[in-house]
Amino acid sequence: MTLPQPRVAVIGAGPSGLYAAAALLAAGYGDAGISVDVLDRLPAPYGLVRYGVAPDHVKMKSVIRVLQKPFDPAEVHFLGNVAVGRDGGGAPGVPLEVLREHYTAIVHATGSSVDRALGIPGEELAGSIGSGAFVSWYCGHPDFTELDPPLAHPGVAVVGAGNVALDVARVLAKSHEEMAGTDIPDRVLDALTRSGIRDVHVFVRRGPQHVRFTPAELRQIGELANAEVVVHDDGLLAAGIEAPEDRRQRQNLEMLTRWAAAGGSEGGTKPRRIHLRFLRSPVRLLGEHGRVSGVVVERNRIDADGRVVGTGEEETLDVGLVVRAIGYSAEPVPGLPFDERSGTVPNVGGRVVRDGEPVPGAYVTGWIKRGPTGVIGTNKGDAAETVAALLEDLPHLPAPAHPDRESLLEALAAYGVHPVDWTDWLRLDAEELRLGAARGAERVKVAELAAMLAACRAEAEVS
Ligand SMILES: Cc1cc2nc3c(=O)[nH]c(=O)nc-3n(C[C@H](O)[C@H](O)[C@H](O)COP(=O)(O)OP(=O)(O)OC[C@H]3O[C@@H](n4cnc5c(N)ncnc54)[C@H](O)[C@@H]3O)c2cc1C
């Protein structure tokens, strides 16, 4: 029996969406295979690889070479600048129901990029920023070009015990020379260069034996040209802490013990310091004229059951910026069920379920499926599971009402949505490489949406 060629939309061109697209192509379904479109609200693909992974982690970004493969022989179609379900950063959005008329199945891979809150007084002050917003700003995400974080004050607080907290601290502490060779937009480089920051305080709720940093990331803050590390551990490390079973935690502990024994670098010669302050939780932010002017932190202890308990002892630090790096949640996807608690779309193995029943033709993968955990590679196995479920269901899914590309483009245009394709993105890519060459960097990002779209369409308009 000849099977009709199914049309599948993957919404979100981050790692999970692109791994899913590659798995769909490789599936060898029917005679003609599967027609796959990857939609993204931005004109640029790669999600958090482009807008989350730290700009100075150049090697990590080389995963792009793998992720872009399905687009090169034009086997997968990119439809950028298409926000689904909501308006996206100035770009109009197309309702999910409209897409359902054009595709046999839809894989939602929209990630989870909403900052979690600390829930403490003062958090609403200007200068109190979630890491999602702050990282997006320095990575040149078009939604955050106007963020303008206050960088004049010498003190900054970063709250969190994971790699994102270290990324933020490191970027703030690096010298102009260390950042100029990265892909950060010129405007961000100027702001970081002019910054008056001297002391970056990283607050960690638990002890040095509990941190979830990757040892390689921790090591990097000890190797900065411009900044020294100072460990504040209330003498715990000198007294000796039992080595944790986890290898990475053990390596972190060894490194921290060495740094603490070296006496930190209070008398050091470098102009900036990264203070790692263990067993401390911010309890309120202080403000002047509506802006952050300080942070009050409480000292914690770990009780016999391993729980963090506040001691009531407080100290105040002068800071002008507080970045909380305590994790992410997701926004509901309009038209799909949503679990507010986990910030995910309820699913079984990638099949979206509503009230325990699968929603025909609806799938999820990546952070929107399992929550904001795991590294880029984790999304590959995750996407494979989702695609396996989709392939099992495909023979039973009805063909879409409008299976042709022209009717899709007409429907998008009716919502004022004018997609950019892969060739358009390659023009923007080339423009960023050109800007990079002028600054002695591999690439310099174009951040403003209008400028991104102008670069995408530059040649098209000339011809
Ligand atoms: C700050 C930070 C640093 C990180 N650093 C590393 C690292 O160094 N190494 C590592 O291995 N992992 C790192 N990670 C984790 C890694 O980035 C994630 O595992 C991965 O990006 C999750 O992939 P995803 O496709 O689910 O989501 P995302 O990468 O967020 O992709 C989602 C895509 O969906 C699009 N989208 C969202 N809403 C819509 C909509 N309504 N319509 C259309 N498109 C939409 C977005 O524009 C985006 O392109 C980091 C994460 C963060 C937050």
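Readers should treat all values here as calculations from the given coordinates under stated rules, not as data from a laboratory. Quick caveat: nothing in here was measured; it's all calculated off a predicted structure. Cβ coordinates were reconstructed from backbone atoms using ideal geometry, including for glycine residues, and neighbour counts include every protein chain displayed.
By how many degrees, between 0 and 90 and to the nearest 10, does the Cα long axis of helix 247-261 differ from the longest principal axis of the chain? That works out to roughly 30 degrees.
What GluC sites (Glu not before Pro) does the stretch 197-273 have in DSSP loop regions with at most 12 other beta carbons within 10 Å? Present the calculation step by step, with values, prior to reporting the outcome.
On the way: sites: 217, 223, 228, 242, 245, 254, 266; in loops: 223, 242, 245, 266.
Passing sites in the stretch 197-273 are 223, 242, 245, 266.
Take the Kirkwood radius over Cα pairs of the stretch 1-56, plug it into Stokes-Einstein at 4 °C and 1.567 mPa s, and you get 104 µm²/s for translational diffusion.
Computed from phi, the 3J(HN,Hα) profile of the stretch 286-296 under the Karplus parametrisation 6.51, -1.76, 1.60 (θ = phi - 60°) reads 9, x, 9, 6, x, 10, 4, 10, x, 9, 9 Hz, with x in place of Gly and Pro. With both residues required to sit in the chain, DSSP beta bridges show an antiparallel share near 40%. Taking amide H positions as modeled 1.01 Å from N, with prolines and chain starts lacking one, the residues under 5 Å from residue 359 and 5 or more places away or on another chain are 352, 353, 354. Here the Karplus curve 6.51 cos²θ - 1.76 cosθ + 1.60, taken at θ = phi - 60°, turns the phi angles of the stretch 384-401 into couplings of 4, 4, 5, 5, 4, 5, 4, 5, 5, 7, 3, x, 9, 8, x, 5, x, 4 Hz, with x standing for Gly and Pro.
Mind checking which lysines have their Cα closer than 17 Å to the Cα of residue 69? Skip sequence neighbours fewer than 8 apart in that chain. Counting by Cα, and skipping residues close in sequence, residue 69 has these lysines nearby: 61, 380.
For residue 275, the residues whose modelled amide H falls within less than 5 Å of its own, excluding neighbours fewer than 5 places apart on the same chain, are 200, 201, 202, 230.
Taking 25 °C and 0.890 mPa s as the conditions, I'd like the Stokes-Einstein D for the stretch 343-395 in µm²/s, using the Kirkwood hydrodynamic radius from alpha carbon pairs.
Working: Rh = 11.2 Å.
My calculation gives 219 µm²/s for D.
Sites listed here are GluC sites (Glu not before Pro) in the stretch 108-148 whose DSSP assignment is loop and whose Cβ has at most 14 other Cβ atoms within 10 Å: 124, 146. Could you pull out the longest piece of the chain with no exposed loop trypsin sites (Lys or Arg not before Pro) in it, calling a site exposed if DSSP puts it outside H, G, I, E, B and it has at most 10 other Cβ atoms within 10 Å? Maximal segment without exposed cleavage sites: 1-306. Proximity of backbone amide H atoms, modeled 1.01 Å from N, is registered between residue 29 and 34 at under 5 Å, excluding neighbours fewer than 5 places apart on the same chain.
Let me spell out the model: positive unit charges on the Cβ of Lys and Arg, negative unit charges on the Cβ of Asp and Glu, origin at the Cα centre of the chain. What dipole size does that give, in debye rounded to 20?
1080
For the stretch 57-145, what percent of Cα pairs sit more than 19 Å apart? Every Cα pair in the stretch 57-145 considered, those over 19 Å come to 62 percent. The equivalent ellipsoid of the chain has semi-axes of 42, 25, 20 Å, largest first, where each one is the square root of 5 times an eigenvalue of the Cα gyration tensor.
Provide the gained length on full extension for the span residue 410 to residue 248, in nm with one decimal, where the gain is 0.36 nm per separating residue minus the Cα-Cα distance. All intermediate terms of the calculation are to be shown ahead of the outcome.
Details: separation 162, 0.36 × 162 = 58.32 nm, distance 5.27 nm.
Fully extending the segment from residue 410 to residue 248 adds 53.1 nm.
Between the beta carbons of residue 399 and residue 339, assuming R0 = 30 Å, the FRET efficiency works out to 0.45 to the nearest 0.05. So if I average 1/r over every pair of distinct C-alpha atoms in the stretch 279-408 and take the inverse, what Kirkwood radius in Å does that give? For the stretch 279-408, the Kirkwood estimate is 19.1 Å. Angle of helix 449-462 to the longest C-alpha principal axis of the chain, folded into 0 to 90 degrees and rounded to 10: 40°. Per residue, the convex hull spanned by the alpha carbons of the stretch 234-335 comes to 220 Å³. Using θ = phi - 60° in the Karplus curve 6.51 cos²θ - 1.76 cosθ + 1.60, the 3J(HN,Hα) couplings for the stretch 299-306 round to 7, 10, 9, 9, 7, 4, 8, x Hz; x is entered for Gly and Pro. Spin-label model, residue 214/residue 315: points 7 Å from Cα along the beta carbon direction are separated by 3.1 nm.
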